[in-house]
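Report on the following structure.
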Amino acid sequence: MDRSSMRRSVRDLTMYYNPKVGSALRMDTNTNVLGSNPAASEYLKNLKLDLNGYPNTYSDGLRDALADLYGLKRENFVAGNGSDEMLNTIYTTFTEPGASCTVPVPSYSLYSYLVSLASGKLREVDLTEDFQLDVDAMVGKGEETNSVLIMPTPNNPTGNCFRQKDIEEILAKHPGIVILDEAYSEYARNTMISKVDEFDNLIVCKTFSKAYAMANLRVGYCASNLKVADMLNSVKVPYSLNSVSEGAAIAAVKDQDFIKRSVDMVSEQRPRLSKKLKEMGFEPYPSDSNFILAKSPIDHVKMIEGLEKRNVLIRDFGSKRRTENCVRMTVGTEELNKIMTDAMEDVLAEEKI
Ligand SMILES: Cc1ncc(COP(=O)(O)O)c(C=O)c1O
(Lines give C-alpha, C1' and ligand atoms only; values in the text may rest on other atoms or scores of the structure.)
Protein backbone atom coordinates (compact mmCIF):
# COMPACT_ATOMS: atom_id res chain seq x y z
CA MET A 1 0.00 0.00 0.00
CA ASP A 2 1.21 3.54 -0.68
CA ARG A 3 -0.46 6.85 -0.03
CA SER A 4 -2.28 6.73 -3.37
CA SER A 5 -4.58 4.18 -1.72
CA MET A 6 -5.82 6.92 0.63
CA ARG A 7 -8.91 9.02 -0.12
CA ARG A 8 -7.77 11.94 -2.25
CA SER A 9 -8.98 14.57 0.22
CA VAL A 10 -6.80 13.21 3.06
CA ARG A 11 -3.74 12.07 1.11
CA ASP A 12 -1.61 15.10 1.91
CA LEU A 13 -2.35 15.20 5.63
CA THR A 14 0.57 14.87 8.03
CA MET A 15 0.73 14.16 11.76
CA TYR A 16 -0.06 16.93 14.28
CA TYR A 17 2.40 18.84 16.49
CA ASN A 18 4.08 16.26 18.74
CA PRO A 19 7.18 17.68 20.46
CA LYS A 20 9.62 15.75 22.65
CA VAL A 21 8.49 16.88 26.06
CA GLY A 22 10.45 15.17 28.86
CA SER A 23 10.55 17.43 31.91
CA ALA A 24 10.27 20.68 29.93
CA LEU A 25 8.16 23.61 31.12
CA ARG A 26 5.25 23.59 28.67
CA MET A 27 4.30 27.11 27.65
CA ASP A 28 3.33 25.89 24.17
CA THR A 29 -0.21 24.48 24.65
CA ASN A 30 -2.25 27.34 26.20
CA THR A 31 -3.49 25.09 28.99
CA ASN A 32 -4.20 26.35 32.52
CA VAL A 33 -0.92 26.90 34.38
CA LEU A 34 -2.61 26.58 37.80
CA GLY A 35 -2.58 22.79 37.30
CA SER A 36 -5.32 20.12 37.22
CA ASN A 37 -8.88 21.24 37.84
CA PRO A 38 -9.36 20.75 41.63
CA ALA A 39 -13.05 19.74 41.57
CA ALA A 40 -12.45 17.27 38.75
CA SER A 41 -9.43 15.82 40.60
CA GLU A 42 -11.49 15.41 43.79
CA TYR A 43 -14.24 13.66 41.81
CA LEU A 44 -11.72 11.24 40.28
CA LYS A 45 -10.19 10.42 43.69
CA ASN A 46 -13.51 9.18 45.02
CA LEU A 47 -14.68 7.46 41.85
CA LYS A 48 -16.05 3.88 41.93
CA LEU A 49 -16.20 2.60 38.38
CA ASP A 50 -18.25 -0.01 36.56
CA LEU A 51 -15.95 -0.66 33.60
CA ASN A 52 -18.41 -3.04 31.98
CA GLY A 53 -21.21 -0.57 31.26
CA TYR A 54 -21.37 1.96 28.42
CA PRO A 55 -21.41 5.66 29.32
CA ASN A 56 -24.61 7.65 28.81
CA THR A 57 -25.10 7.78 25.01
CA TYR A 58 -25.28 11.59 24.69
CA SER A 59 -23.73 12.68 28.03
CA ASP A 60 -27.08 13.87 29.43
CA GLY A 61 -25.61 14.66 32.87
CA LEU A 62 -23.03 17.04 31.46
CA ARG A 63 -25.52 18.60 29.06
CA ASP A 64 -27.85 19.28 32.04
CA ALA A 65 -25.02 20.91 34.01
CA LEU A 66 -24.15 23.11 31.00
CA ALA A 67 -27.82 24.01 30.49
CA ASP A 68 -27.92 25.24 34.12
CA LEU A 69 -24.70 27.21 33.68
CA TYR A 70 -25.81 29.05 30.54
CA GLY A 71 -29.60 29.23 31.00
CA LEU A 72 -30.30 26.92 28.03
CA LYS A 73 -31.87 23.45 27.60
CA ARG A 74 -30.10 20.08 27.57
CA GLU A 75 -31.26 19.75 23.94
CA ASN A 76 -29.26 22.83 22.92
CA PHE A 77 -26.02 20.92 23.58
CA VAL A 78 -23.81 18.29 21.96
CA ALA A 79 -20.97 16.91 24.09
CA GLY A 80 -18.00 14.79 23.13
CA ASN A 81 -14.32 13.97 23.05
CA GLY A 82 -12.80 17.45 22.98
CA SER A 83 -14.01 20.39 20.92
CA ASP A 84 -12.01 18.91 18.03
CA GLU A 85 -14.62 16.11 17.90
CA MET A 86 -17.39 18.72 17.93
CA LEU A 87 -15.77 20.60 15.03
CA ASN A 88 -15.34 17.32 13.17
CA THR A 89 -19.02 16.49 13.72
CA ILE A 90 -20.10 19.92 12.45
CA TYR A 91 -18.05 19.67 9.25
CA THR A 92 -19.24 16.08 8.71
CA THR A 93 -22.86 17.14 9.19
CA PHE A 94 -22.91 20.23 6.98
CA THR A 95 -20.17 19.92 4.34
CA GLU A 96 -21.02 18.35 1.00
CA PRO A 97 -17.92 16.90 -0.75
CA GLY A 98 -16.21 19.76 -2.58
CA ALA A 99 -18.15 22.53 -0.81
CA SER A 100 -16.13 25.60 0.22
CA CYS A 101 -15.45 25.94 3.94
CA THR A 102 -14.33 29.41 4.98
CA VAL A 103 -11.42 29.67 7.43
CA PRO A 104 -9.63 32.88 8.49
CA VAL A 105 -5.82 33.13 8.19
CA PRO A 106 -4.03 32.98 10.53
CA SER A 107 -6.14 30.76 12.80
CA TYR A 108 -6.15 27.29 14.40
CA SER A 109 -4.23 24.85 12.20
CA LEU A 110 -6.61 21.95 12.77
CA TYR A 111 -9.43 23.59 10.79
CA SER A 112 -7.85 22.78 7.42
CA TYR A 113 -7.35 19.17 8.54
CA LEU A 114 -11.02 18.87 9.57
CA VAL A 115 -12.19 20.37 6.26
CA SER A 116 -10.11 17.71 4.46
CA LEU A 117 -11.64 14.92 6.59
CA ALA A 118 -15.07 16.11 5.46
CA SER A 119 -13.84 16.27 1.80
CA GLY A 120 -14.60 20.00 1.77
CA LYS A 121 -12.67 22.63 -0.16
CA LEU A 122 -10.64 24.97 2.02
CA ARG A 123 -11.47 28.65 1.40
CA GLU A 124 -8.87 30.69 3.28
CA VAL A 125 -9.54 34.40 3.91
CA ASP A 126 -6.84 36.66 5.31
CA LEU A 127 -7.53 38.63 8.45
CA THR A 128 -6.86 42.38 8.20
CA GLU A 129 -3.50 43.90 9.16
CA ASP A 130 -4.59 44.11 12.83
CA PHE A 131 -5.86 40.50 12.77
CA GLN A 132 -9.55 41.45 12.60
CA LEU A 133 -12.20 39.93 10.31
CA ASP A 134 -12.46 41.17 6.73
CA VAL A 135 -16.25 40.86 6.76
CA ASP A 136 -16.87 41.23 3.00
CA ALA A 137 -14.15 38.75 2.10
CA MET A 138 -15.33 36.25 4.75
CA VAL A 139 -18.91 36.39 3.48
CA GLY A 140 -17.89 36.26 -0.20
CA LYS A 141 -20.47 35.88 -2.93
CA GLY A 142 -22.78 33.16 -4.17
CA GLU A 143 -23.06 29.37 -3.95
CA GLU A 144 -19.31 28.98 -3.69
CA THR A 145 -19.30 30.21 -0.09
CA ASN A 146 -22.46 28.77 1.42
CA SER A 147 -20.96 25.88 3.44
CA VAL A 148 -19.47 26.06 6.94
CA LEU A 149 -17.68 29.26 8.02
CA ILE A 150 -15.57 29.28 11.20
CA MET A 151 -14.30 32.07 13.47
CA PRO A 152 -12.23 31.43 16.61
CA THR A 153 -12.66 34.23 19.14
CA PRO A 154 -10.30 34.86 20.87
CA ASN A 155 -8.30 33.77 17.83
CA ASN A 156 -5.47 31.26 18.05
CA PRO A 157 -2.57 32.03 17.47
CA THR A 158 -3.08 35.82 17.44
CA GLY A 159 -4.83 35.99 20.86
CA ASN A 160 -7.32 38.80 20.08
CA CYS A 161 -11.11 38.72 20.02
CA PHE A 162 -12.94 39.66 16.86
CA ARG A 163 -15.29 42.67 16.95
CA GLN A 164 -18.83 41.72 18.01
CA LYS A 165 -20.42 43.81 15.22
CA ASP A 166 -18.33 41.96 12.58
CA ILE A 167 -19.30 38.57 14.01
CA GLU A 168 -22.98 39.55 13.94
CA GLU A 169 -22.74 40.91 10.39
CA ILE A 170 -21.21 37.64 9.21
CA LEU A 171 -23.90 35.66 11.04
CA ALA A 172 -26.56 37.73 9.25
CA LYS A 173 -24.98 37.55 5.79
CA HIS A 174 -23.52 34.03 5.60
CA PRO A 175 -26.17 31.63 4.28
CA GLY A 176 -24.68 28.51 5.85
CA ILE A 177 -23.53 27.38 9.29
CA VAL A 178 -21.27 29.73 11.28
CA ILE A 179 -19.06 28.19 13.97
CA LEU A 180 -17.83 30.44 16.74
CA ASP A 181 -14.91 28.56 18.28
CA GLU A 182 -14.75 29.92 21.83
CA ALA A 183 -11.98 27.64 23.15
CA TYR A 184 -10.48 30.62 25.05
CA SER A 185 -13.59 32.74 25.68
CA GLU A 186 -13.45 32.44 29.48
CA TYR A 187 -10.27 34.54 29.38
CA ALA A 188 -12.01 37.25 27.36
CA ARG A 189 -15.03 37.15 29.71
CA ASN A 190 -17.19 37.15 26.61
CA THR A 191 -19.37 34.45 25.05
CA MET A 192 -22.30 34.23 22.63
CA ILE A 193 -23.41 30.84 23.93
CA SER A 194 -26.50 32.12 25.75
CA LYS A 195 -27.76 33.63 22.46
CA VAL A 196 -27.75 30.50 20.29
CA ASP A 197 -31.57 30.31 20.14
CA GLU A 198 -31.65 33.75 18.48
CA PHE A 199 -29.79 32.49 15.40
CA ASP A 200 -30.69 30.00 12.72
CA ASN A 201 -27.06 29.26 11.81
CA LEU A 202 -24.85 29.80 14.91
CA ILE A 203 -22.93 27.00 16.62
CA VAL A 204 -20.73 27.93 19.60
CA CYS A 205 -17.95 25.43 20.41
CA LYS A 206 -16.28 25.31 23.81
CA THR A 207 -13.78 23.11 25.62
CA PHE A 208 -12.68 21.86 29.04
CA SER A 209 -9.06 21.78 27.80
CA LYS A 210 -8.07 25.39 28.53
CA ALA A 211 -9.49 27.49 31.44
CA TYR A 212 -11.07 24.34 32.95
CA ALA A 213 -7.65 22.65 33.17
CA MET A 214 -8.76 19.22 31.96
CA ALA A 215 -7.09 18.75 28.55
CA ASN A 216 -6.05 15.21 29.48
CA LEU A 217 -9.68 14.11 29.88
CA ARG A 218 -10.72 15.29 26.38
CA VAL A 219 -14.07 16.98 26.92
CA GLY A 220 -15.63 19.51 24.55
CA TYR A 221 -19.12 20.64 23.65
CA CYS A 222 -21.09 22.88 21.37
CA ALA A 223 -24.42 24.68 21.61
CA SER A 224 -26.86 25.82 18.96
CA ASN A 225 -30.60 26.20 18.45
CA LEU A 226 -32.59 23.01 19.07
CA LYS A 227 -32.96 22.01 15.41
CA VAL A 228 -29.25 22.28 14.63
CA ALA A 229 -28.26 20.51 17.88
CA ASP A 230 -30.57 17.63 16.97
CA MET A 231 -28.91 17.34 13.54
CA LEU A 232 -25.47 17.28 15.17
CA ASN A 233 -26.43 14.70 17.80
CA SER A 234 -27.75 12.42 15.08
CA VAL A 235 -24.33 12.50 13.33
CA LYS A 236 -22.00 12.52 16.34
CA VAL A 237 -20.37 9.18 17.22
CA PRO A 238 -22.45 7.77 20.13
CA TYR A 239 -20.65 7.16 23.48
CA SER A 240 -17.66 9.26 22.36
CA LEU A 241 -17.44 10.89 25.79
CA ASN A 242 -16.53 8.33 28.49
CA SER A 243 -18.24 8.52 31.88
CA VAL A 244 -15.02 9.25 33.81
CA SER A 245 -14.42 12.42 31.82
CA GLU A 246 -18.10 13.33 31.85
CA GLY A 247 -18.34 13.05 35.66
CA ALA A 248 -15.16 15.11 36.11
CA ALA A 249 -16.52 17.78 33.75
CA ILE A 250 -19.80 18.00 35.69
CA ALA A 251 -17.83 18.52 38.91
CA ALA A 252 -15.71 21.18 37.18
CA VAL A 253 -18.76 23.11 35.90
CA LYS A 254 -19.99 23.41 39.48
CA ASP A 255 -16.71 24.99 40.66
CA GLN A 256 -16.80 28.37 38.93
CA ASP A 257 -14.49 29.84 41.60
CA PHE A 258 -11.55 28.00 40.03
CA ILE A 259 -12.38 29.46 36.61
CA LYS A 260 -12.58 32.96 38.08
CA ARG A 261 -9.25 32.50 39.89
CA SER A 262 -7.61 31.23 36.68
CA VAL A 263 -8.97 34.07 34.55
CA ASP A 264 -8.08 36.74 37.13
CA MET A 265 -4.52 35.41 37.31
CA VAL A 266 -4.13 35.70 33.52
CA SER A 267 -5.64 39.22 33.49
CA GLU A 268 -3.05 40.27 36.05
CA GLN A 269 -0.02 38.56 34.50
CA ARG A 270 -0.67 39.17 30.78
CA PRO A 271 0.20 42.91 30.74
CA ARG A 272 3.29 42.25 32.88
CA LEU A 273 4.52 39.52 30.55
CA SER A 274 3.81 41.70 27.53
CA LYS A 275 5.81 44.59 29.07
CA LYS A 276 8.74 42.29 29.85
CA LEU A 277 8.67 40.90 26.29
CA LYS A 278 8.86 44.45 24.89
CA GLU A 279 11.82 45.24 27.15
CA MET A 280 13.62 42.23 25.69
CA GLY A 281 12.99 43.39 22.10
CA PHE A 282 9.98 41.20 21.25
CA GLU A 283 6.96 42.78 19.56
CA PRO A 284 3.92 41.29 21.34
CA TYR A 285 0.43 41.53 19.80
CA PRO A 286 -2.56 42.53 21.99
CA SER A 287 -4.23 39.47 23.54
CA ASP A 288 -7.61 38.72 25.15
CA SER A 289 -6.54 35.17 25.89
CA ASN A 290 -4.13 33.16 28.05
CA PHE A 291 -1.35 33.32 25.47
CA ILE A 292 0.62 35.97 23.61
CA LEU A 293 1.88 35.98 20.03
CA ALA A 294 5.06 38.01 19.60
CA LYS A 295 7.63 38.74 16.91
CA SER A 296 10.97 37.42 18.07
CA PRO A 297 13.94 39.84 18.24
CA ILE A 298 16.17 37.08 16.80
CA ASP A 299 15.49 34.32 14.30
CA HIS A 300 12.46 32.36 15.56
CA VAL A 301 14.16 28.98 15.15
CA LYS A 302 17.12 30.14 17.25
CA MET A 303 14.70 31.36 19.94
CA ILE A 304 12.68 28.12 19.97
CA GLU A 305 15.75 25.87 19.95
CA GLY A 306 17.58 28.01 22.53
CA LEU A 307 14.60 27.73 24.87
CA GLU A 308 14.29 23.99 24.22
CA LYS A 309 17.91 23.59 25.35
CA ARG A 310 16.92 25.42 28.54
CA ASN A 311 13.95 23.09 29.04
CA VAL A 312 11.22 25.57 28.09
CA LEU A 313 8.78 24.91 25.24
CA ILE A 314 6.96 27.70 23.41
CA ARG A 315 5.28 27.35 20.00
CA ASP A 316 6.87 28.36 16.71
CA PHE A 317 4.73 30.19 14.14
CA GLY A 318 7.67 31.94 12.48
CA SER A 319 7.60 30.04 9.18
CA LYS A 320 3.92 30.69 8.52
CA ARG A 321 2.55 33.47 6.35
CA ARG A 322 1.22 36.45 8.37
CA THR A 323 3.07 35.36 11.53
CA GLU A 324 6.59 35.58 10.10
CA ASN A 325 9.26 35.24 12.82
CA CYS A 326 6.55 34.97 15.52
CA VAL A 327 6.39 32.70 18.55
CA ARG A 328 3.42 32.02 20.83
CA MET A 329 3.65 31.46 24.56
CA THR A 330 1.18 30.72 27.36
CA VAL A 331 0.78 33.39 30.04
CA GLY A 332 2.08 31.78 33.23
CA THR A 333 2.02 32.59 36.90
CA GLU A 334 4.55 35.22 38.00
CA GLU A 335 6.98 32.42 38.85
CA LEU A 336 6.58 30.54 35.56
CA ASN A 337 6.81 33.74 33.51
CA LYS A 338 10.09 34.53 35.28
CA ILE A 339 11.52 31.09 34.44
CA MET A 340 10.46 31.56 30.81
CA THR A 341 11.67 35.15 30.40
CA ASP A 342 14.97 34.41 32.24
CA ALA A 343 15.54 31.62 29.71
CA MET A 344 14.70 34.04 26.87
CA GLU A 345 17.19 36.59 28.20
CA ASP A 346 19.80 33.85 28.35
CA VAL A 347 19.13 32.87 24.72
CA LEU A 348 19.33 36.53 23.63
CA ALA A 349 22.59 37.07 25.53
CA GLU A 350 24.12 33.97 23.87
CA GLU A 351 23.00 35.10 20.40
CA LYS A 352 24.52 38.57 20.82
CA ILE A 353 28.00 37.17 21.61
C1 LIG B 1 -8.96 27.58 18.77
C2 LIG B 1 -8.97 26.18 19.30
N3 LIG B 1 -10.07 25.43 19.13
C4 LIG B 1 -10.13 24.16 19.57
C5 LIG B 1 -9.07 23.58 20.24
C6 LIG B 1 -9.16 22.14 20.65
O7 LIG B 1 -9.65 21.95 21.88
P8 LIG B 1 -9.92 20.48 22.44
O9 LIG B 1 -8.78 20.14 23.31
O10 LIG B 1 -11.21 20.62 23.19
O11 LIG B 1 -10.08 19.53 21.28
C12 LIG B 1 -7.90 24.32 20.44
C13 LIG B 1 -6.75 23.70 21.11
O14 LIG B 1 -5.66 24.16 21.12
C15 LIG B 1 -7.86 25.65 19.96
O16 LIG B 1 -6.75 26.39 20.11
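The values are calculated or read from the model by the stated rules, or taken from the named source; none is laboratory data. All values derive from a computational prediction rather than experimental measurement. Virtual Cβ from ideal backbone geometry, glycine too; neighbours counted across all protein chains shown.
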Next item on the list: Kindly indicate whether Asn160 is out of contact with any helix residue (DSSP H, G or I) (no Cβ under 6 Å at 6 or more places or on another chain), within 12 Å of the ligand (Cβ to nearest atom), of a type in the set (S, T, N, Q) and assigned to a loop (DSSP other than H, G, I, E, B).
Entry: no
Of the residues in segment 192-209 that are closer than 13 Å to Tyr70 by Cα and touching a residue at least 40 places away in the same chain (Cβ under 8 Å), the one that is farthest from the ligand (Cβ to nearest atom) is Asp197
The residue that is nearest to Glu279 (Cα to Cα), considering only those in segment 316-353 that are small (Gly, Ala, Ser) and loosely packed, with under 15 Cβ neighbours inside 10 Å, is Ala349
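Being aromatic (Phe, Trp, Tyr), part of a loop (DSSP other than H, G, I, E, B) and either farther than 14 Å from Asp60 by Cβ or within 14 Å of the ligand (Cβ to nearest atom) (or both) is the filter here; which residues of segment 210-248 pass it? Explain how you work it out, then say what you get.
Step one: list which residues in segment 210-248 are aromatic (Phe, Trp, Tyr), which gives 212, 221, 239.
Of the ones still in play, those that are also part of a loop (DSSP other than H, G, I, E, B) are 212, 239.
Within segment 210-248, just Tyr212 meets the criteria.
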Over segment 253-279, the set of residues touching a residue at least 40 places away in the same chain (Cβ under 8 Å) and under 13 Å from Lys338 (Cα atoms) is Gln269, Arg270, Arg272, Leu273, Lys276, Leu277
Taking segment 169-208 and keeping residues basic (Lys, Arg), out of contact with any helix residue (DSSP H, G or I) (no Cβ under 6 Å at 6 or more places or on another chain) and over 21 Å from Ile250 (Cα atoms) leaves Lys195
When (1) under 27 Å from Arg328 (Cα atoms); (2) at pLDDT 95 or above are applied to Ala40, the one that fails is (1)
The residue from Leu273, Leu293, Leu277 that alone is of a type in the set (A, V, I, L, M, F, W, C) and not in a helix (DSSP H, G or I) is Leu293
Met303 vs (1) assigned to a helix (DSSP H, G or I); (2) in the same structural domain as Cys161 (by TED's automatic domain parsing); (3) buried (at least 18 other Cβ atoms within 10 Å of the Cβ): all pass except (2)
Going through segment 169-191 in order, the residues found to be farther than 20 Å from Gln256 by Cβ and within 14 Å of the ligand (Cβ to nearest atom) are Ile179, Leu180, Asp181
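Being farther than 27 Å from Pro152 by Cα and in contact with a helix residue (DSSP H, G or I) (Cβ under 7 Å, 6 or more places away or on another chain) is true for just one of Glu334, Glu308, Glu345, Glu279. Which residue is that? If you could, list the steps in order and put the result at the bottom.
Numbers: Glu308 fails: in contact with a helix residue (DSSP H, G or I) (Cβ under 7 Å, 6 or more places away or on another chain); Glu345 fails: in contact with a helix residue (DSSP H, G or I) (Cβ under 7 Å, 6 or more places away or on another chain); Glu279 fails: in contact with a helix residue (DSSP H, G or I) (Cβ under 7 Å, 6 or more places away or on another chain).
Being farther than 27 Å from Pro152 by Cα and in contact with a helix residue (DSSP H, G or I) (Cβ under 7 Å, 6 or more places away or on another chain) holds for just one of Glu334, Glu308, Glu345, Glu279, which is Glu334.
Here's the yes/no breakdown for (1) of a type in the set (Ser, Thr, Tyr); (2) touching a strand residue (DSSP E or B) at 6+ places or on another chain (Cβ under 6 Å); (3) surrounded by 16 or more Cβ atoms within 10 Å (Cβ to Cβ):
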{"residue": "Lys45", "(1), (2), (3)": "no, no, no"}
{"residue": "Tyr54", "(1), (2), (3)": "yes, no, no"}
{"residue": "Ser59", "(1), (2), (3)": "yes, yes, yes"}
{"residue": "Arg63", "(1), (2), (3)": "no, yes, yes"}
{"residue": "Asp68", "(1), (2), (3)": "no, no, no"}
Of the residues in segment 119-150, those that are within 16 Å of the ligand (Cβ to nearest atom) and more than 16 Å from Lys320 (Cβ to Cβ) number 4
Per the filter on segment 74-118, residues on the phi > 0 side of the Ramachandran plot and either outside the structural domain of Ile150 (by TED's automatic domain parsing) or away from the ligand (no atom under 12 Å from the Cβ) (or both) are Gly98
Pairing a residue in segment 51-73 that is in contact (Cβ under 8 Å) with a residue 24 or more places away in the chain and not assigned by TED's automatic domain parsing to the domain that holds Leu226 with any residue that is in a helix (DSSP H, G or I) and surrounded by 19 or more Cβ atoms within 10 Å (Cβ to Cβ), where Cβ atoms lie under 8 Å and the two sit 6 or more apart in sequence or on different chains, gives none
